[in-house]
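Questions regarding the structure given below will be posed in turn.
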Amino acid sequence: MKFSARWITATALAAASFAATAADPIKIGVSGPFTGGSSSMGISMRDGVRLAAQEINKNGGVLGRQIQLIERDDEAKNERGVQIAQELINREKVAATVGFINTGVALAAQRFYQDAKIPVMNNVATGSVITQQFKDAPDNYVFRNAAHDSIQAPMIVEEAITRRGFKKVAILADSTNYGQLGRADLEKALELKGIKPVAVEKFNIKDVDMTAQLLKAKEAGAEAILTYGIGPELAQIANGMTKLGWKVPMVGSWTLSMANYIDNAGPGGEGARMPQTFIQEPTTPKRQSFIVNYLKTFNPKNSRIDSPVSAAQGYDSIYLLAAAIKQAGGTDGPKVKAALEDLKAPVEGVVTTYNKPFTKTDHEAITANIPVFGEVKGQRVVYAYEADFKAASEVKLKDVNAKGAMPQKK
């Protein structure tokens, strides 16, 4: 059989084009605050994501294609997050995106991915409403592998009221969506215990003087301060108590583990407790490998990850997406979403081993049995309870029947 030169040339070009397409990188957006007060979370998340992508690419990528991270600094600003989402979707043509540190940015920006049918993996933002934003849509493209606030708020209240026996607590929360949604969750969790906070005070991002709020809490007889905010302002709460000569325990959301809380509060920040999905201890081989590789690659100050939770969850989010893309056989958004909702093979992560982490109606990978309490001690976060440290070598798996979480906001 004879073939014309033109046919052979056309066939060769088509084959070359197909090979080039098959080898095109898989673009994944990475959106978070890499500057400003939230940056210790954003940078740690980004570096965890980078580490996972490097490992996957070194081992041949996904479906023979390399992962290409398209990173953007959203500056913790809602409007910037919206701009980035539109850019990543329309210009960069990302197959998926990970990140979102700030609840407000997530709620403002992820609607564009939803409309474009591109999966979003929230790996840090914890506002309870995040994965419920499009719950009434035929398909929901928003997933999360962080402990949402309907898990954290009851943990905080259980720690302060039941474990430690405080009867009078004050709430100090920042004025962002994160702070005010978290404050509402705390009040609801306290109400379930039959307790009303003796003071509920608000502060703004970049506030440096918490004297007024703390005096109200002190005059109301608060025995502990429950917090929802981020590192720099949380440090000002601790510093404010030091200036007033009034020191009561701080128990708050996971952000009390941020380096810019620990470092800025100094000795006054010691003893603060918070829920954590990951504490920088080599309690399993996977965690040990992650910690060693992270420290070697990024060389953080004092060999301490600035935000260990953000780094670990960032790392895991890429492996979850990679597994879904592999199972879907490509990067088509609806197929990747469907794969996430029915992952066939377990994904070994740092936080947990993700065995069927999502379903069509449940886009939360973390359940109430997974987080433990951390405590600031010696300028780093350690296990608050020896029993949790001793049990940490046993990986806790998702348990939808785990007790402790409040029903999520509808």
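Per residue, how much accessible area does region 344-406 show when a 1.4 Å probe rolls over the protein heavy atoms, in square angstrom?
Numbers: 3290 Å² over 63 residues.
Accessible area per residue, region 344-406: 52 Å².
Once each part is reduced to its C-alpha centroid, what is the distance from region 334-410 to region 151-195 in angstrom?
Cα centroid of region 334-410 versus Cα centroid of region 151-195: 21 Å apart.
Can you list, bin by bin at 10 Å, the percent of alpha carbon pairs in region 204-247, starting at 0?
Going out from 0 Å in 10 Å bins, region 204-247 shows 29, 60, 11 percent.
Let me ask something additional. Using the Cβ atoms and a cut-off under 15 Å, what net charge is assigned to the surroundings of residue 286, where Lys and Arg are +1 and Asp and Glu are -1?
-3
Expressed as an acute angle from 0 to 90° and rounded to the nearest 10, what is the orientation of the C-alpha long axis of helix 308-328 relative to the principal long axis of the chain?
The helix 308-328 is inclined about 30 degrees to the chain.
Go ahead and estimate [θ] at 222 nm for the chain from helices alone: -39,500 (n - 2.57) per DSSP H run with n ≥ 4, summed, over the residue count, rounded to 500. Mind dumping the intermediate values first?
Working: 13 runs with 169 residues, N = 410.
So the helix-based figure for the chain works out to -13000 deg cm²/dmol.
Say the cut-off is 31 Å between C-alpha atoms; which of 193/390; 117/193; 356/390; 117/188; 188/360; 218/398 go over it?
Values: 193/390 29 Å; 117/193 41 Å; 356/390 26 Å; 117/188 34 Å; 188/360 28 Å; 218/398 40 Å.
The pairs that break the limit, which is 31 Å between Cα atoms, are 117/193; 117/188; 218/398.
Classify region 146-253 as rounded, prolate or oblate from the Cα gyration tensor: take a ≥ b ≥ c as the square roots of its eigenvalues, call it rounded if a/c is under 1.5, otherwise prolate when a/b beats b/c and oblate if not. Intermediate results must be reported in sequence, preceding the final value.
On the way: a/c = 1.78, a/b = 1.19, b/c = 1.50.
Because a/c hits 1.5 or more and a/b fails to exceed b/c, region 146-253 counts as oblate.
With a Cα-only, solvent-free Debye model of region 23-142, what are the log10 I(q)/I(0) values at q = 0.17 Å⁻¹?
For the requested q values the scattering log ratios are -0.81.
Lys/Arg Cβ at +1, Asp/Glu Cβ at -1, dipole of region 190-293 taken about the Cα centre: which of 237, 261, 285 is farthest positive-ward?
Highest projection toward the positive end goes to 285.
So how much accessible area does residue 301 have, in Å² to the nearest 10, using a 1.4 Å probe?
Its heavy atoms expose roughly 140 Å² to the probe.
For the chain, what is the percent of antiparallel DSSP beta bridges, rounded to the nearest 5? Show your work: numbers first, answer last.
Values: 11 of 43 bridges.
About 25 percent, rounded to the nearest 5.
Would you mind checking the tilt of helix 103-116 against the longest principal axis of the Cα atoms of the chain, expressed as 0 to 90 degrees and rounded to 10?
Approximately 20 degrees, to the nearest 10.
Where Rh is the Kirkwood radius over the Cα pairs of region 247-333, the temperature 25 °C and the viscosity 0.890 mPa s, what D in µm²/s does Stokes-Einstein return? Walk me through the intermediate numbers first.
Details: Rh = 15.0 Å.
Answer from the Stokes-Einstein relation: 163 µm²/s.
Could you tell me how far the Cα centroid of region 196-229 sits from the Cα centroid of region 265-316, in Å?
Between the Cα centres of region 265-316 and region 196-229 lies a distance of 28 Å.
Using a 1.4 Å probe and ignoring any ligands, DNA or RNA, find the accessible area of residue 270 and quote it in Å² to the nearest 10.
Spelled out: residue 270, probe radius 1.4 Å, area about 60 Å².
Given Cβ point charges of +1 (Lys, Arg) and -1 (Asp, Glu) and nothing else, what value in debye, to the nearest 20, does the dipole of region 280-410 about its Cα centre take? Don't jump to the answer; show the numbers that get you there.
Values: 19 positive and 14 negative charges, 32 e Å.
The dipole magnitude comes to about 160 debye.
In whole Å, what are the Cα extents of region 81-181 along the three principal axes, biggest one first?
Principal extents (Cα only, largest first): 54, 26, 20 Å.
Now a separate question. Please state the shape class of region 112-151: rounded when a/c is under 1.5, otherwise prolate if a/b exceeds b/c and oblate if not, all from the C-alpha gyration tensor. Working shown, then result.
Details: a/c = 2.81, a/b = 1.63, b/c = 1.73.
Here region 112-151 falls in the oblate category.
In degrees between 0 and 90, to the nearest 10, how far off the longest principal axis of the chain does helix 78-90 point, with axes built from Cα atoms?
10
Still on this structure, I have one more. Using +1 at the Cβ of each Lys and Arg and -1 at the Cβ of each Asp and Glu in region 85-214, identify which of 175, 189, 126 lies farthest towards the dipole's positive end.
Ranked along the dipole, the leading option is 189.
For region 267-410, what are Rg and Dmax over the alpha carbons, in angstrom?
16.6, 52
Tally Lys and Arg at +1 and Asp and Glu at -1 over the other residues with C-beta under 10 Å from the C-beta of residue 139: what net charge comes out?
Numbers: positive: 117, 337, 360; negative: 341.
Counting the neighbours of residue 139, the net charge comes to +2.
The values are calculated or read from the model by the stated rules, or taken from the named source; none is laboratory data. Since this is a predicted model, take the numbers as computed values, not measurements. With ideal geometry, Cβ positions are generated from the backbone for all residues, glycine too; neighbour counts draw on all protein chains shown. Quick note on the areas: whole protein, heavy atoms, side chains included, nothing else; ligands and nucleic acids left out. Shrake-Rupley method; radii C 1.70, N 1.55, O 1.52, S 1.80 Å.
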